[in-house]
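First up is the structure itself, then whatever we jot down about it.
The values are calculated or read from the model by the stated rules, or taken from the named source; none is laboratory data. Every value quoted in this text rests on a predicted model; they were computed, and no experiment measured them. Note that each Cβ is placed from the backbone with ideal geometry, even for glycine, and that neighbours are counted across all protein chains shown. All accessible areas refer to the heavy atoms of the entire protein, side chains included, with ligands and DNA or RNA removed. Shrake-Rupley method; radii C 1.70, N 1.55, O 1.52, S 1.80 Å.
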There are 4 protein chains.
Amino acid sequence: MELNGVTIENEYAEAFPNWACRVIITAINEKWAFQAATEATGFATSAIGCPCEAGIEMFLSAEETPDGRPGVAVLFFAGGKKKLKEQVVERLAECVLTQPTTAVFDGMPDAEERIDVKLHFFGDGYEYQKEVGGRKCWAIPIMNGEYIGEESFGIVKGVAGGNFFIMGENQPAALMAADAAVDAISGVPGCMCSFPVVASGSKVGSNKYKFMVATTNEKYCPTIRDKVADTKVPEGVKAVYEIVIDGVDEESISEATRAGIMAASMIPGIKLISAGNFGGNLGPFKFHLHEILQ
Amino acid sequence: MELNGVTIENEYAEAFPNWACRVIITAINEKWAFQAATEATGFATSAIGCPCEAGIEMFLSAEETPDGRPGVAVLFFAGGKKKLKEQVVERLAECVLTQPTTAVFDGMPDAEERIDVKLHFFGDGYEYQKEVGGRKCWAIPIMNGEYIGEESFGIVKGVAGGNFFIMGENQPAALMAADAAVDAISGVPGCMCSFPVVASGSKVGSNKYKFMVATTNEKYCPTIRDKVADTKVPEGVKAVYEIVIDGVDEESISEATRAGIMAASMIPGIKLISAGNFGGNLGPFKFHLHEILQ
Amino acid sequence: MELNGVTIENEYAEAFPNWACRVIITAINEKWAFQAATEATGFATSAIGCPCEAGIEMFLSAEETPDGRPGVAVLFFAGGKKKLKEQVVERLAECVLTQPTTAVFDGMPDAEERIDVKLHFFGDGYEYQKEVGGRKCWAIPIMNGEYIGEESFGIVKGVAGGNFFIMGENQPAALMAADAAVDAISGVPGCMCSFPVVASGSKVGSNKYKFMVATTNEKYCPTIRDKVADTKVPEGVKAVYEIVIDGVDEESISEATRAGIMAASMIPGIKLISAGNFGGNLGPFKFHLHEILQ
Amino acid sequence: MELNGVTIENEYAEAFPNWACRVIITAINEKWAFQAATEATGFATSAIGCPCEAGIEMFLSAEETPDGRPGVAVLFFAGGKKKLKEQVVERLAECVLTQPTTAVFDGMPDAEERIDVKLHFFGDGYEYQKEVGGRKCWAIPIMNGEYIGEESFGIVKGVAGGNFFIMGENQPAALMAADAAVDAISGVPGCMCSFPVVASGSKVGSNKYKFMVATTNEKYCPTIRDKVADTKVPEGVKAVYEIVIDGVDEESISEATRAGIMAASMIPGIKLISAGNFGGNLGPFKFHLHEILQ
């Protein structure tokens, strides 16, 4: 299959279940909502070495938030509910409550499963309950005024590990395509790219160092293409990037995959787009590129 | 003392020792060096609830980096050497090695104390040693080409908790002044503001909730000024921000305090600038505002 | 009338007819579309001293543009059709065609009145006609590939001079409110703020210097409030900003006024919001604040 | 000659004299200084169709400006002194005085030749003289407080038309290299790139359309490489960008050329870097690439 002159391999991405929480952060303007969201979702690229996976889902206009201020929706993902709650609590407490002019609201009010994020004890008795935009919140006196926050957040069983590979004839082309993909995905509700662009893919374990849990996936490394018998790097490809997508459901990842590949395929210098799987051993979700792009 | 019409209280900031590590991250351009640095220094506002404290020290031009590419210098701080090493390893492995086109270099080559950050095993045998800009590095084949990294980083006993308070007649004035202070401090070598602007100060423990380790510092909360007998909020002040500074030495924090207060004092609507201490019980370093601003 | 605690004066903005042209600029990514749009709409704050008035209307996703790339819609306004055509031709030729990876498309394909923007002669015979996204374009060979452009652009009789004033207790509050207003207006289709924030209002002519066409509107100047008998600056106001809006029709200006005032009123430290008129002598369009905000 | 694996042609750029004026714009923070500078230097890519050439020279820290606030230095260029004065007056009056919190200062106080920029009549008698940072300024009451401005600006006979070409194996590589060059040049004092990246080079006149003053320079157009006998596009090159540099003297252009080519040569996918001249018929200044890069 070809898209804008780029070969799309007949491959599928394999993904697995993961718990997801969506938080709406608002502030006096977009700059400060973004600042809090960035701090709260940092050190969260991959659950392999980070405490969770997190990223910005989308920007929200003042008319789309409970308190009528500009906002940012962020998504947190973790394998277990307990770990997810622990991370949401810590990150809201340390990286949102502490940031200028912020408020937080539940991003999935209709979800049945819920976690408590009880920050109001921080108020040491000066806190009080307050309704904001129809939401039951706590108002906590802090230095810059009052922090407003909901304390019950919906969670859902989402999907982690959606992915596709972008292969280019040089690094700038592949990178500009990966960036275009991420920009396109930022417009798709319900998902985010935690890295957002992955420059180093890994395989489980190691051939040489037995103490390593994960090492470079040599099949996708262009500089050692000649040394790897079963390389997946086509001739003429000098750089490969992977886009990894976590979503609240399968639909969001399908749509993100479609939008991201469309955008990447329009950048000159892209040779091939593919996807990664483990032959069905990793997880129950399969995203076939050719089906998605039909 | 008055500065640009703003009262500067005769107070001092009290700070304590902390181990510091400086890492230079370079990339194909400033955008991607900044992206890696931001991810690597996220979820790192305060050691109370985050695994470490971290932030961007400064941007580096191509002529200031070992490999002649644009870069960002970041600083990591932790109470213990072991914790610091663990965090630098995890954050470089997960948030820099994985990011497009990055390389990392030791930011304190003259420091005697050092930590090892051995990422080259990730290469699974395909890695090799390579000299870049006079530095002994490892080149690790990854998807977007080769990751280049030094693996020994200098650390020094630095200072954490430098601080000052900005009090304004409304939130926008105080926030714009805090932002101006952070911008000015970004030009001072050897330090960074991990938050960077603190909207919620805390005290140790709680008066009401015995299970809380830290709660709101009610003396600095404008909305409950009338309820707190020993409030430190002057009449007419509606918002307070704190700037917290970690530095590699006392000099950098002194200079940052000076530059930050100078900048903040120029913003219309600022009433008072002060500093926070615990009467000398917290740490051995004292930063007297009046001395610094002389 | 009060809105979020801010007094809204019972005033109206007075505006006048102006010809408007809408151009869609696309590029390889948003950064470069924005760069071209910014250059093309610079030196265009006010028709008093600039060749035209121009600004960015909105960002467009790849799915909203004829060629499936990210884009920016810009609006140009001038009193006469001839002047408008001259400016659109010059600005597209010098500031868009010359910019990396750009294409331009008619932003008002349904408009009956049209202007020709014949840039294809620049191709010196190497140009050719090409259909892109259902639009009849010219492809002109240039250094970075091919420039794609439509050459017929719809124009409509729009409205210039919509406005409102934001008065704050200090400069940071008023400025943050003005900025919030402009952000909110950027989400309203069909209009733009050419300045975008006006710091210096003017009156026609001068009381002292007969050779001056326009001079400061002393009634709105806080620093000389005590010297101006008929000052419009309330006590306690230290800074005033004006938001001036040009739109393709009355509806867009009404909606922009509403959204802008809503956003500005939410910023702490704002005292009063009003609007400017010349008693009905300037133009046929009146935008009554109280009606718009009902 | 080769630089980082890129062929540097043994060519020279040819440039010509032009009058230059340097203006320092300060504001409450960098954002608003940049906003004013961007508006004031828009619609100013090329003197062929724009009223002048203009661009941002550099950002200035608070310690580098007369009033101790963050600033931006901008450069204006025109063929004649009268045209230069007219443009500086109009652009400061319409695009700086009108912008929030701005002040302007002479950027070349030691220059002997000077132009007057008398904006103080705008004050209609309320203006007054005021010394700021050792500079004789006028303070003009406006809506957001007082506009502060010097009114005598140094001008010098500078150089326009410094240039080099970047040729890449695809558009993303060439564009990323051009952008890297512009970033590097932004650190060189005394010069600016008005476009800043040129995607469409032109030749004087036309072979086919006698009424055209300038048309595409077909020798540098990759898509018609096969149709142009004396093409300068090497095989395998798909995109060419030109960096055009105006400077206050020859040294600044030499240094900008060196820094820009160094940066561009480090981007993967670049094949050739050259320069443009008219055989010595255009101007007295020659910038030989091989000499500059020695």
- Query: In what sequence, highest mean first, do D:212-224, D:174-186 appear when ranked by Cβ atoms within 10 angstrom?
  - Reply: D:174-186, D:212-224
- Note on the structure: Filtered hits (lysines, Cα-Cα < 17 Å from B:Lys81, offset >= 8 within chain) -> B:Lys118, B:Lys157
- Query: Which three extents, in whole angstrom, do the alpha-carbon atoms of chain C cover along their principal axes, largest first?
  - Reply: 67, 43, 32
- Task: State, in angstrom, two size descriptors of the protein assembly as shown derived from its alpha carbons: Rg to one decimal place and Dmax to the nearest whole number.
- Result: 29.4, 88
- Task: May I ask you to evaluate 6.51 cos²θ - 1.76 cosθ + 1.60, the Karplus curve with θ = phi - 60°, for each residue of region B:229-245 and list the ³J(HN,Hα) values in order in whole Hz, giving x for glycine and proline?
- Result: 4, 9, 4, 9, 8, x, 4, x, 8, 10, 8, 10, 10, 10, 10, 10, 10
- Task: Over region B:19-156, calculate the relative contact order: mean separation of alpha carbon pairs under 8 Å at least 6 apart, over the residue count, as a percent.
- Result: 29
- Which lysines have a Cα lying under 23 Å from the Cα of A:Lys271, excluding residues fewer than 8 positions away in the same chain? A:Lys219, A:Lys227, A:Lys232, A:Lys238, D:Lys238, D:Lys271
- Query: Pairing the Cα long axis of helix D:30-40 with the longest principal axis of chain D, what angle in degrees results, from 0 to 90 and rounded to the nearest 10?
  - Reply: 70
- Task: Would you grab the residues whose amide H sits under 5 Å from the one on C:Thr102? Only those 5+ places off in sequence or on another chain, please, with H modelled 1.01 Å from N.
- Result: none
- Note on the structure: Between C:Val132 and residues 5 or more places away or on another chain, the pairs with built amide H atoms under 5 Å apart involve C:Cys137
- Quantify how strongly other chains surround peptide D:144-151 by giving the mean number of their Cβ atoms within 10 Å of each of its Cβ atoms. 5
- Task: Put a label point 7 Å from Cα along the Cβ direction on C:Asn207, then list its distances to the equivalent points in the other copies in nm, shortest first.
- Result: 5.5, 6.7, 8.7
- Accessible area drop of at least 50 Å² (1.4 Å probe, protein heavy atoms): which residues of region A:199-231 qualify, relative to the chain alone? A:Ala199, A:Ser200, A:Tyr209, A:Thr216, A:Thr223
- Item | Accessible area (Å², per residue) of region A:189-259, counting only protein heavy atoms and a probe of 1.4 Å | 43
- Message: Looking at chain A as a GNM with Cα springs under 10 Å, which of A:Gly154, A:Gly145, A:Gly107 has the largest mean-square fluctuation?
- Response: A:Gly145
- Query: Cα gyration tensor of region D:203-283, axes a ≥ b ≥ c as square roots of the eigenvalues: rounded (a/c below 1.5), prolate (a/b > b/c) or oblate?
  - Reply: oblate
- Could you please report the charge total around C:Ile24, scoring K, R as +1 and D, E as -1 over all other residues with beta-carbon less than 11 angstrom from its beta-carbon? -2
- Let me have the 222 nm mean residue ellipticity of chain D computed from DSSP H runs of 4+ only, each contributing -39500 (n - 2.57), with the sum over all residues rounded to the nearest 500. -6500 deg cm²/dmol
- Message: For a test of the definition: using alpha carbon positions, the gyration tensor, and the 1.5 limit on a/c, classify region B:249-294 as rounded, prolate or oblate.
- Response: oblate
- Query: Using the alpha carbon gyration tensor of region A:12-96, what are the three equivalent-ellipsoid semi-axes (square root of 5 times each eigenvalue), largest first, in whole Å?
  - Reply: 24, 14, 11
- Message: 7 Å along Cα→Cβ for the label point: how many nanometres lie between D:Glu113 and each equivalent label in the other copies, listed shortest first?
- Response: 4.4, 6.0, 7.4
- Message: Could you give each residue of region A:275-281 its phi-based ³J(HN,Hα) in whole Hz, using Karplus coefficients 6.51, -1.76, 1.60 with θ = phi - 60°, and x for Gly or Pro?
- Response: 8, x, 8, 10, x, x, 7
- Message: If you take the accessible area of B alone plus D alone and subtract the pair, what total do you get in square angstrom, rounded to 100, with a 1.4 Å probe?
- Response: 900
- By average Cβ neighbour count within 10 Å, what is the ranking of B:121-134, C:52-65, C:262-275 from highest down? C:262-275, C:52-65, B:121-134
- Message: Could you tell me how many cubic angstrom of Cα convex hull volume region A:137-236 has per residue?
- Response: 218
- Item | Nearest-ten-degree value, helix B:171-185 long axis tilted from longest Cα axis of chain B | 40
- Query: Share of chain D's accessible area from carbon and sulfur, percent, 1.4 Å?
  - Reply: 50
- Message: Need one value for B:48-56: mean number of C-beta atoms belonging to other chains within 10 Å of its residues' C-beta atoms.
- Response: 3
- Note on the structure: Ordered by number, the residues of region C:120-134 with at least 40 Å² less accessible area in the assembly than alone (1.4 Å probe) are C:Phe121, C:Phe122, C:Asp124, C:Tyr126
- Query: So what is the relative contact order of chain C, in percent, for Cα pairs below 8 Å that sit 6 or more residues apart?
  - Reply: 26
- In order through region C:82-89: 3J(HN,Hα) via Karplus (6.51 cos²θ - 1.76 cosθ + 1.60), integer Hz, x for Gly, Pro: 5, 5, 4, 4, 4, 5, 5, 4
- Residues along region B:1-43 losing 20 Å² or more of accessible surface when the other protein chains are present rather than the chain by itself (probe 1.4 Å): B:Ile28, B:Asn29, B:Lys31, B:Trp32, B:Gln35, B:Thr38, B:Glu39, B:Gly42, B:Phe43
- Item | Per residue value of the accessible surface for region B:19-156 (all protein chains in place, 1.4 Å probe), Å² | 33
- Query: Per residue of D:247-254, what is the mean number of Cβ atoms on other protein chains within 10 angstrom of that residue's Cβ?
  - Reply: 0
- Message: Rounded, prolate or oblate for region C:19-156? Axes are the square roots of the Cα gyration tensor eigenvalues, ordered a ≥ b ≥ c, and the cut-off for rounded is a/c under 1.5.
- Response: rounded
